[in-house]
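These notes concern the structure reproduced below.
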Amino acid sequence: MNNFKFNSYYKIFSLISGLLAIISFLLLIFKGLNFGIDFKGGTLIELRAIDKQINISSLRSSFSNMNLGDVAIKNFGEDHDYLIKFEKKGNKKDLIQNIKKNLDQSIGSGYEIRRVENVGPKVSSELLKGGLIAIAVSLGAMLFYIWIRFEWQFSIGAILALFHDVLITMGIFSLLSLEVNLSIVAAILTIVGYSMNDTVVIFDRVRENLKKHIDLKIFDLTNLSINETLSRTIITSLTTLLALISIFVFGGEILKGFSFAMILGVILGTYSSIFIANPILVHLRVSYKTIVKEDN
Amino acid sequence: MLYFSKIRIITIFVISIIFVLFSLSNLTKFDDNYFSKKINLGLDLQGGSYLLLEIDNSPVVTKELQNKITFLKTYFKDKEINIFNIKINEQNSIIFETDKINIDLINSIFLNKEEPINPYYDKYKSYQFDIENQSNQFKITLSKYGIIELKNASLDQAIEIVRRRVDEVGTNEPNILKRGNDRILVELPGLDDPARIKNLLGKTANLSFRFVSKSNEAELGTDLIEFEDQSESAVYVSKRIILSGENLLDAQPKMDSQTNDTIVTFSLDRVGAKRFGKATISGVGKRLAIVLDGKIISAPVIREAIVSGSGQITGNFTFQSATDLALLLRSGALPAPMNIVEERTVGPGLGKDSIKAGILALIIGFSLVILFMVFKYKIFGFIANTALIFNLFFLIGILTLFEATLTLPGIAGIILTVGMAVDANVLIFERIKEEKNNEKNQLVAFDSGYTKSKSAILDANVTTFIAAIILFFLGSGPIKGFSITLGVGILTTLFSVYFIARLLTSLYVVKNKDKEIKI
């Protein structure tokens with residue numbers, strides 16, 4: 001069995017995590033998130049240039065003549081794939097037709113429109129609301145589950161670890177201005193599930209050890225439990241990361257944001273279940289009595 | 001935990017075979033009915049259009065209020081109750097006044113459940129209209145449930161018309177569903193350019209035949225209406241409707257044999273034919289405007305009475321626009337205009353690329369996990385990997401059995417399942433390792449390894465399962481596909497770990513019980 005002194009780093013990592021959480025919080029408030037059209041409304045066109053003459057600047061100049069407001073154009077995955085986004089509200093039934101007509105005139109017909117998404121302002125605000133509700137409900141459900149399975153001290157530890165993971169993941173998305181769309185909400189919910197899963201396995205062992213080593217202080221007991229479950233923690237995180245990295249690298253552009261968020265979440269979730277959830281148990285002075293009371 | 005009866009082994013074997021067959025039925029064509037099911041590909045994988053339409057119900061409300069006013073007038077006239085100054089105000093309420101002696105009477109009539117004046121919905125325990133009364137003034141407003149009823153009725157009508165229009169275009173297996181009480185979801189697999197459908201669904205198709213006023217000046221009972229093709233300046237048209245789209249039996253695009261113009265011919269029902277005959281007899285020499293959605297298509301001069309019950313619409317048509325107009329007229333008018341509030345269209349090229357990328361990522365992710373497990377656990381790695389392979393078959397088999405829809409995020413869910421599925425076996429193997437340190441009898445160590453890891457495995461999987469369920473109920477579109485594969489994946493993981501991996505472990509351990517088993 002491993003015998004790392006995780007508990008001697010509780011303080012320093014708590015401090016670092018707290019700092020990161022505060023920075024993330026400030027980023028979210030002052031810089032905000034780069035919402036995609038799912039949550040902001042607008043139009044997205046994915047276009048593949050077949051004609052090699054077409055490039056980002058020719059696209060830019062032809063789109064800027066179409067009176068669509070602020071148009072963002074960027075490369076998307078392969079060299080000749082472009083993603084065009086603009087916020088013009090409403091989906092006039094001939095919007096896309098007109099764009100095609102204009103493009104045919106300005107850059108010729110050597111392109112293929114591979115994807116069109118248009119989300120109206122009302123729908124986008126509903127989707128945002130739905131996403132926030134889903135995240136809130138999932139946090140609530142986790143709290144409820146852990147509350148019926150464990151004692152309240154454990155719930156607090158697990159939920160703080162969850163908040164930590166979600167907050168810092170979103171903070172990184174804010175810092176890097178990565179797009180937040182529906183699939184990121186799915187990623188966050190999965191992170192919530194994963195982070196919980198990781199924490200619960202260690203907590204399960206803490207509870208078992210509380211009964212087994214009555215004389216051991218919680219400070220050392222958490223360390224023992226972390227060490228006992230460490231190889232599982234690492235192996236599972238590794239296999240999950242292997243799966244996620246192969247989605248990130250090979251799964252295509254559309255899944256990039258999702259898999260990136262998940263990779264962050266898995267790393268943070270693994271870290272927090274050791275360095276956030278367990279120190280909380282120490283702070284709350286969990287002992288043999290904590291769990292015995294419930295058995296009676 | 002390590003004992004399996006013969007019957008159990010056979011059952012596990014049979015179930016595994018069935019699911020393997022189910023999943024393989026996606027690749028080959030079995031003639032058998034039971035194995036002819038296939039996973040549906042989502043629009044993001046096979047290409048297609050997703051359109052969310054929203055009905056703008058304000059004209060329906062206005063129409064309902066106008067009808068109500070007409071009804072109230074005749075109703076109170078029949079009862080010889082005097083009401084006056086009846087009108088609709090800006091807040092969509094009907095207001096009217098009455099003589100003081102009638103106030104209580106009117107109030108009681110409005111609250112009588114049997115009276116047709118204010119229908120009572122037993123379903124909602126509520127009236128269609130809320131009534132307010134201040135001295136001799138009455139204000140009636142559509143109640144919350146009155147509006148719901150109205151919206152539902154208009155949605156039912158609209159979805160029928162949308163279905164007819166989409167069917168007429170003849171796309172492949174369209175999916176048309178209600179969403180809430182004022183939205184319709186239209187999914188059109190395989191359609192990568194929805195321009196025509198959007199055009200057709202965006203039209204209310206309110207058709208009316210009305211006489212053009214002779215004087216061409218603003219008069220009582222006329223509207224100034226523009227021409228669709230701007231070929232003439234706007235003219236004044238009588239408000240009186242000779243004929244509306246409801247009277248149409250059929251409409252077809254045709255070539256006029258004399259002029260070579262594209263026209264739309266139509267035939268009328270009996271009522272329509274009679275009215276059209278009457279109007280054209282008296283109207284020879286007048287111009288008859290054909291008005292569609294507030295624009296004049298054309299306004300020909302009536303040369304002779306048309307009593308045959310059929311006629312034709314000329315206009316500046318191409319063959320396509322004549323076909324579309326005929327289609328719209330055949331399928332009927334929408335109760336209210338509709339807007340497209342969300343559109344997602346994926347071309348077939350991108351769909352194919354997404355499938356390729358998804359499968360590549362699955363193969364690589366799967367191989368990495370398998371190699372890692374063999375490297376880490378040797379023979380038990382093989383056992384875990386066998387369970388993992390069956391897990392995939394179970395997962396795909398269940399998706400096939402329920403003919404679930406697989407989306408790109410759904411494929412991501414499968415890959416993620418592969419990564420997380422080994423967790424349960426890892427928990428068990430690690431526990432067995434620990435137990436072996438304290439226990440000399442390795443059979444006992446294996447057994448208690450399984451028993452003691454149970455609660456951690458349960459907790460770990462329940463948490464992810466909760467997340468999947470919430471995502472399923474609150475997520476939308478392709479994300480639902482992710483929650484399905486993630487959720488089903490957890491169930492199949494538990495099955496494959498506790499039946500397949502455990503069976504293999506038990507066979508191996510029992511066979512080698514006299515040797516030292518390394519894990």
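Every number in this text was worked out from the coordinates using simple rules, so none of it is lab data. Since we're looking at a predicted model, the values are computed, not measured. Here Cβ is always computed from backbone atoms with ideal geometry, including for glycine, and neighbour counts include all displayed protein chains.
Data for the structure
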| read-out | value |
| --- | --- |
| Sites B:S36 and B:S231 - FRET efficiency at Förster radius 60 Å, r taken between beta-carbons, to 0.05 | 0.60 |
| For residues of A:121-133, the mean tally of beta carbons on other chains within 10 Å | 2 |
| Loop-resident sites, the range A:124-231, for trypsin sites (Lys or Arg not before Pro), counting at most 16 other Cβ within 10 Å (DSSP) | A:K217 |
| Cα shape, the range B:58-147, gyration tensor, a/c 1.5 rule | oblate |
| Residue of A:T222, A:T239, A:T190 that the Gaussian network model of chain A assigns the largest fluctuation, springs spanning Cα pairs under 10 Å | A:T239 |
| Total charge dipole magnitude, the protein assembly as shown, about the Cα centre, Cβ charges on Lys, Arg, Asp, Glu only, Debye to nearest 20 | 1520 debye |
| Cα convex hull of the protein assembly as shown - mean projected area over all directions, nm² | 48.0 nm² |
| Separation in nanometres of the label points that stand 7 Å from Cα toward Cβ, at B:F71 and B:S455 | 6.5 nm |
| Relative contact order (%) - criterion: Cα under 8 Å, at least six apart; region: the range A:42-119 | 50 percent |
| Karplus-derived 3J(HN,Hα), 6.51/-1.76/1.60, for each residue of the range A:228-235, Hz, glycine and proline x | 5, 9, 4, 5, 4, 3, 5, 4 |
| Amide hydrogen neighbours beyond the local backbone of B:F317, cut-off 5 Å, H modeled | B:T262 |
| Inter-chain shielding of B:297-304 (mean C-beta neighbours from other protein chains, 10 Å cut-off) | 0 |
| Kirkwood hydrodynamic radius over Cα pairs of chain B, then Stokes diffusion coefficient at 4 °C and 1.567 mPa s, in µm²/s | 44 µm²/s |
| B:L406 long-range amide H proximity, modeled H, under 5 Å | B:N40, B:L41, B:G42 |
| Fully extended contour minus Cα-Cα distance, from B:Q320 to B:F472, at 0.36 nm per residue | 50.5 nm |
| Helix-derived mean residue ellipticity, 222 nm - over chain B, DSSP H n ≥ 4, -39500 (n - 2.57), to 500 | -16500 deg cm²/dmol |
| Under 12 Å from the B:D156 label point (7 Å along Cα→beta-carbon), backbone N, the range B:57-78 | none |
| In order through the range B:66-75: 3J(HN,Hα) via Karplus (6.51 cos²θ - 1.76 cosθ + 1.60), integer Hz, x for Gly, Pro | 5, 4, 5, 4, 4, 5, 4, 4, 5, 4 |
| Inter-label distance, nm, simple model (7 Å from Cα along the C-beta direction), B:N216/B:L491 | 7.3 nm |
| Flagged links, alpha-carbon separation over 24 Å, of B:K203/B:K352; B:K100/B:K151; B:K100/B:K139; A:K5/B:K378; A:K211/B:K378; A:K289/B:K452 | B:K203/B:K352; B:K100/B:K151; A:K5/B:K378; A:K211/B:K378 |
| Cut-off 17 Å, label 7 Å out along Cα→Cβ of B:L224, residues of the range B:281-296 by amide N | B:294-296 |
| The range B:457-519: relative contact order in percent, alpha carbon pairs under 8 Å with at least 6 residues between | 25 percent |
| Calculated [θ] (222 nm, deg cm²/dmol) that DSSP helices of n ≥ 4 give over chain A, each run adding -39,500 (n - 2.57) | -22000 deg cm²/dmol |
| ³J(HN,Hα) computed for each position of the range B:43-54 - Karplus, 6.51 cos²θ - 1.76 cosθ + 1.60, integer Hz, glycine/proline x | 4, 6, 9, 9, x, x, 10, 10, 10, 10, 9, 10 |
| Straight-distance crosslink candidates among lysines, where the alpha carbon sits under 25 Å from B:K214 and sequence neighbours closer than 8 are dropped | B:K239, B:K274, B:K278, B:K286, B:K295 |
| Candidate lysines for bridging to B:K513, where Cα separation is under 17 Å - those fewer than 8 sequence places away on the same chain excluded | B:K433, B:K436, B:K440 |
| Peptides B:383-389, B:262-268, B:55-61 ordered by average Cβ neighbours within 10 Å, highest first | B:383-389, B:262-268, B:55-61 |
| Length-normalised contact order for chain B - Cα pairs under 8 Å, 6+ apart - percent | 19 percent |
| Within straight-line cross-link reach of B:K6, lysines at Cα separation under 18 Å, skipping those fewer than 8 residues along the same chain | B:K511 |
| Nitroxide proxy distance, nm - points 7 Å out along Cα→Cβ at B:D261 and B:E80 | 5.9 nm |
| 5 angstrom amide H check on B:N206, placed H, neighbours 5+ away | B:D293 |
| Calculated over chain A: convex hull of Cα atoms, volume per residue (Å³) | 135 Å³ |
| Length added when fully stretched, B:F13-B:E516, from 0.36 nm per residue minus Cα-Cα | 178.2 nm |
| Rounded tilt (10° steps) of B:379-401 against the dominant C-alpha axis of chain B | 20 degrees |
| For chain A, with +1 on Lys and Arg beta carbons and -1 on Asp and Glu, the positive-most of A:I22, A:V180, A:G36 along the dipole | A:I22 |
| Theoretical FRET efficiency, 1/(1+(r/R0)^6), r = Cβ-Cβ of B:T28 and A:E208, R0 51 Å, to 0.05 | 0.55 |
